[in-house]
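Contents: one structure, followed by commentary.
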Amino acid sequence: MSLSAKQNLMILALWFVAIVSSALQVSATHWHRQLVADWQVSEHRHLVLEQDYGRLLLEQSALTAHGRVERIAKDTLQMIEAKNIQVIRSSRQL
């Protein structure tokens with residue numbers, strides 16, 4: 001094999017390495033951008049879920065407020081407050 005043929009083969013091999021390296025770089029960049037986009041979607045979902053959770057906690061505290069429960073017991077269930085309370089204890093030991 002002559003020196004010129006060896007040089008041509010070496011140049012061809014270097015071009016092949018450069019092209020493969022460029023293709024791998026493009027692929028890695030695309031993969032990274034896809035991961036960043038997925039992360040941003042997940043982060044947005046996380047924020048929406050956090051806001052929903054905060055609203056649900058607020059709604060739960062409003063629904064379980066003592067005044068509301070007492071009003072519903074009186075209005076809807078016609079319950080009244082006990083006036084004479086008597087506690088009876090059993091003499092039996094459990």
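What value, in deg cm²/dmol to 500, does the helix sum -39500 (n - 2.57) over DSSP H runs of n ≥ 4 give at 222 nm once divided by the residues of the chain?
After summing the helix terms and dividing by the residues of the chain, the value is -27500 deg cm²/dmol.
How far, in degrees from 0 to 90, does helix 3-63 lean away from the longest principal axis of the Cα atoms of the chain, to the nearest 10?
10
How far apart, in nm, are the 7 Å Cα→Cβ label points at Asn8 and Glu59?
For the pair Asn8/Glu59, the computed spacing is 7.7 nm.
By how many degrees, between 0 and 90 and to the nearest 10, does the Cα long axis of helix 66-75 differ from the longest principal axis of the chain?
50
Read-outs: derived from the displayed coordinates by stated rules, not from any lab. On a predicted model such as this, the values are computed, not experimentally measured, just so you know. Cβ: placed from backbone, ideal geometry, glycine included. Neighbour counts: every protein chain shown.
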